[in-house]
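Take this structure first; my questions come after.
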Amino acid sequence: MITPVEELVDVRVASAAADAARATPGVERLQPGLWGLVQQLGHELWEHATGEPYPDVAGVEVELADGAALVDITLATDGTVPAAQVAAAVQRAVVDAVAVRAAVPVVSVAVHVCEIALPG
Amino acid sequence: MAVTRRTDGHLLPCGRSVEDVLDNLDAGRDDHTCEHCATARRSLENLMEATAALVADPSEPPPNLLDRIMQAVRVEARRGDVLALEGADHGPADVSEVAVAAVLRFAADSVDGVWARSCHITVEPESAGTIAVAMTLSLRYGSGPADGLLGEVRGRLAAALAGQVGLHAHRVDLEIVDVWPEES
């Protein structure tokens with residue numbers, strides 16, 4: 001059972017990771033799978049009901065264990081930078097961003113490139 | 001020989017589109033023709049159930065809902081086959097095999113008179129970051145000597161792998177399976 005405090009930390013970590021990944025050169029978008037999409041739609045309903053913004057963390061999964069985070073990111077690259085290079089840059093950016101914004105150490109950042117944009 | 005291919009929609013690894021699967025699901029037709037179609041169908045059924053409350057409210061449809069569902073279903077269908085990426089220091093990194101195959105087919109198609117028919121990728125277990133590619137091609141008659149065209153294809157594939165993916169192919173097998181007449 002996740003406590004409200006753990007949920008808050010979870011969202012902060014995911015938000016920092018998502019922002020850092022989106023800002024990395026070569027990343028076109030973060031891409032949720034089905035469960036991520038259901039969560040995203042739920043967040044939109046929550047925003048609609050409360051009028052308060054919810055951070056866009058679709059495509060990012062966070063697991064907290066012993067005060068440290070395991071982050072899992074699925075993304076599409078824009079094809080201008082090799083996917084391997086983008087993945088490594090995203091990992092470095094996420095580790096730094098989560099440490100600064102959420103004050104949580106990151107054990108691992110798994111990056112899955114699901115699509116590479118084709119020219120034209 | 002008349003050949004067509006669908007370039008719109010959200011293609012599954014088997015070549016059919018998520019839209020086709022959704023059409024058959026809507027029509028109540030059973031189209032479990034392969035594992036990819038079956039996975040997409042199950043995913044669509046689960047998602048339809050989970051989002052029933054949202055889609056039942058026509059006054060506030062979430063933006064681009066259908067496109068977002070299609071993209072999510074396609075990601076689920078691609079999760080199984082991945083290639084490990086080298087150079088990651090803070091955890092594992094991988095790329096969808098289907099995504100890499102799409103990059104390679106596009107690179108081959110960029111050679112005038114060449115059309116990629118299929119692309120099969122295998123991992124070299126002894127050499128990280130290295131793959132083997134087997135591709136079948138159609139050539140347009142009159143486009144030039146086949147060996148020259150195949151050399152051009154090899155160059156484009158190597159450039160695409162290095163520039164867009166970050167992998168290296170130690171072996172590229174190209175097979176010409178069809179020749180189509182020069183367009184008048």
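The values are calculated or read from the model by the stated rules, or taken from the named source; none is laboratory data. It should be emphasised that the depicted structure is a prediction, and the values quoted were computed from it without experimental measurement. Neighbour counts run over all protein chains shown; Cβ positions are idealised from the backbone, glycine included.
Which one of the conditions (1) surrounded by 14 or more Cβ atoms within 10 Å (Cβ to Cβ); (2) modelled with pLDDT of 75 or more does residue B:67 fail to meet, given that it meets all the rest?
All conditions pass for residue B:67, except number (1).
So which of B:99, B:132, B:116 ends up being closer than 21 Å to residue B:80 by Cα, without any contact (Cβ under 8 Å) to a residue 24 or more places away in the chain and either crowded, with 20+ Cβ neighbours inside 10 Å or among the aliphatic types (A, V, I, L, M) (or both)?
On the way: B:132 fails: without any contact (Cβ under 8 Å) to a residue 24 or more places away in the chain; B:116 fails: closer than 21 Å to residue B:80 by Cα.
The unique qualifying residue is B:99.
Given the criterion hydroxyl-bearing (Ser, Thr, Tyr) and farther than 20 Å from residue B:180 by Cβ, identify the matching residue among B:127, B:118, B:110.
Values: B:118 fails: farther than 20 Å from residue B:180 by Cβ; B:110 fails: farther than 20 Å from residue B:180 by Cβ.
Just one listed residue meets the conditions, B:127.
Next question. Can we say residue A:81 is surrounded by fewer than 20 Cβ atoms within 10 Å (Cβ to Cβ) and more than 9 Å from chain B (Cβ to nearest Cβ)? Spell out the reasoning first.
Details: surrounded by fewer than 20 Cβ atoms within 10 Å (Cβ to Cβ): yes; more than 9 Å from chain B (Cβ to nearest Cβ): no.
When the stated conditions are applied, residue A:81 does not pass them.
Looking at A:23, A:69, A:97, A:18, which one is crowded, with 22+ Cβ neighbours inside 10 Å, under 13 Å from the mean Cα position of the chain (by Cα), more than 8 Å from every other protein chain (Cβ to nearest Cβ) and farther than 30 Å from residue B:44 by Cα? Give the steps one after another, and end with the answer.
Working: A:23 fails: crowded, with 22+ Cβ neighbours inside 10 Å; A:97 fails: crowded, with 22+ Cβ neighbours inside 10 Å; A:18 fails: farther than 30 Å from residue B:44 by Cα.
None of the other options fit; the residue is A:69.
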